[in-house]
Amino acid sequence: MNKITAIKISWSFLFFIKLSFSGFTQEDLIQIRPFGTNPGNLKLMFYDPGTITEKAPLVIVLHGCTQVAKTCAEQTGWNKLAKKHQFYVLYPEQLILNNVENCFNWFRPNDQSKDTGEPVSIMQMIEYLKKNKNIDSTRIYITGLSAGGAMSTIMLSVFPQVFDKGAVIGGGPYKSAQSSIKGGAAMLGMVSKSPKEWGDLVKEQNPNYKGTYPELLIFHGGIDPVVSSNNANQLIKQWVNINEADYKEDEHYERFKNNEDVELTIYKNAKQKNIVHYFRIRGLGHAIAVDTGNCDTQGGKTGIFSVDKDFHSTFWQAYFFGILKTPYQIEGPTIVKPQTNDLIYSVPVHEGSSYKWETPAGVWITAGRNTNSITVSTDSQSGYIEVTETDKQGCKQEPCKLWIEIKE
């Protein structure tokens, strides 16, 4: 990288995430080397709970600009979840020699391809870990913040067969820029395309690919001054197109889990399969949302660009990925006929706990709403029945859900 390019990149990312390095021990992460030819010149930082005895998921977490893996792990709280729910976490780490702001180079053509640069290094890390750890290759996930979010989009776009699902926090669509100067314009929300135009950029990378693209979870601050929320809209366009869906909201929740600051929109394909979940977080700038505390559904730490919104975005990513071990299962029939009454669904009862149930449209709770056992009536629409238990200490447990198929 020459001096002029370095200066341009520095200005383009002047306001990217800068998080503190405090309070984290070196022993939590280990560096592994060598792991391959490493054309992108990245470091492999890894968290292993040390107690995994069966095939386990792998989550790849990509840090933001000026961060390192240790900072990212502390702020997000991924290691706490990995230890409790038994999965591995890979933290690829950028070097300042590659980018003066320590950003992943999402805007450079050489780092947008499956054949060169940083994407190849990250894939070599994944392949190394698959060979040397007890990893379930069907349960690999990727997430990233800011420049790491943009690189997550690249990985999902060029290696769609590798990932089950992915998440992007404060990032944007694949190939929204192909230079540092254009990267700045894209960050400001000045790049817009049609769903087809965005989709074609992805499809060109694997013209013979016949599989599906990973389901995507997007988080974006509603007042992000660094990466405009228009980037989230453009990414949604891209992802619905490559999954043969339309750019039309299918479900909308103004207050997710009664949180005034969290809005959820879901996009589905023609088969009613979820394609994109979009969390827009009111009052949040260019930051991750956390919910500090000691309950199982809480975690992360606040910092310059990590804000407590009573919403632990890392937990909800893990929930979306399907890698949380729920404490129990909902008991009840899974295949029922339309217009059926007096169906009972229940979970174990615990002294002092309360239970909040959610049902799909067309399924009504007729008794037991706040108890461990509900009675419902059905119409004709299938969906998930979900329950969240709050224990006597006021801690919410991991939500449990059960798919109910309604058919004749």
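Where does each of 151-160, 36-45, 86-95, 324-333 land if you order them by average Cβ count within 10 Å, highest first?
Highest-to-lowest ranking by the protection proxy: 151-160, 86-95, 36-45, 324-333.
Measure out, as a whole number of angstrom, how far apart the alpha-carbon centroids of the stretch 114-141 and the stretch 201-245 sit.
22
Over all directions, what mean area does the Cα convex hull of the stretch 348-408 project, stated in square nanometres?
Working: hull surface 16.7 nm².
Convex hull of Cα atoms, orientation-averaged projection: 4.2 nm².
In square nanometres, what is the average projected area of the Cα convex hull of the stretch 231-372?
Its Cα hull, projected and averaged over all orientations, spans 11.0 nm².
Cα to Cα, under 20 Å, and not fewer than 8 places away if on the same chain: which lysines meet these conditions relative to K301?
K18, K70, K80, K83, K84, K309, K396
Just going by the charge dipole of the chain, with Lys and Arg at +1 and Asp and Glu at -1 on Cβ, which of S194, L217, M123 is farthest out on the positive end?
Of S194, L217, M123, it is M123.
For a quick protection proxy, order the peptides 104-114, 398-408 by their average other-Cβ count within 10 Å, most packed first.
Highest-to-lowest ranking by the protection proxy: 104-114, 398-408.
Could you list log10 I(q)/I(0) for the stretch 233-300 at q = 0.15 Å⁻¹, which the Debye formula gives when each Cα is one point scatterer?
So the normalised log intensities work out to -0.60.
For the chain, report the % of Cα-Cα distances exceeding 34 Å.
Everything past 34 Å amounts to 29 percent.
Output the peptides 212-220, 191-199, 170-178, 269-277 sorted from most to least packed, where packing is the average of other Cβ atoms within 10 Å over each peptide's residues.
The peptides rank, most packed first, as 170-178, 212-220, 191-199, 269-277.
What value, in deg cm²/dmol to 500, does the helix sum -39500 (n - 2.57) over DSSP H runs of n ≥ 4 give at 222 nm once divided by the residues of the chain?
-7000 deg cm²/dmol
Carbon and sulfur atoms: what percent of the 1.4 Å accessible area of the chain do they account for?
50
With every protein chain left in place, what is the accessible area of K80 in Å² (1.4 Å probe, nearest 10)?
Number for this one is 90 Å².
Can you work out ³J(HN,Hα) from phi for every residue in the stretch 218-235, in order, using Karplus 6.51 cos²θ - 1.76 cosθ + 1.60 and θ = phi - 60°, giving whole Hz and x for Gly and Pro?
The phi angles translate into 10, 10, 8, x, x, 10, 5, x, 9, 10, 4, 5, 4, 5, 5, 4, 5, 5 Hz.
Can you classify the stretch 74-149 as rounded, prolate or oblate using the Cα gyration tensor, where a ≥ b ≥ c are the square roots of its eigenvalues, rounded means a/c under 1.5, and otherwise it's prolate if a/b beats b/c and oblate if not?
The shape class here is oblate.
Find the accessible area per residue for the stretch 69-194; the probe is 1.4 Å, ligands and nucleic acids are left out, and the unit is Å².
Heavy-atom accessible area per residue stands at 30 Å².
What does the accessible area per residue of the stretch 343-408 come to in Å², with a 1.4 Å probe and no ligands, DNA or RNA counted?
Values: 3400 Å² over 66 residues.
With the other protein chains kept in place, the stretch 343-408 gives 52 Å² per residue.
Given the stretch 177-222 reduced to its alpha-carbon atoms as identical point scatterers, what log10 I(q)/I(0) does the Debye formula return at q = 0.19 Å⁻¹?
Listed by q, the Debye log ratios stand at -0.89.
The values are calculated or read from the model by the stated rules, or taken from the named source; none is laboratory data. Please read all numbers here as calculations on a predicted model, not as lab measurements. Here Cβ is always computed from backbone atoms with ideal geometry, including for glycine, and neighbour counts include all displayed protein chains. Calculation scope for accessible area: heavy atoms of the full protein, side chains included, ligands and nucleic acids excluded. Shrake-Rupley method; radii C 1.70, N 1.55, O 1.52, S 1.80 Å.
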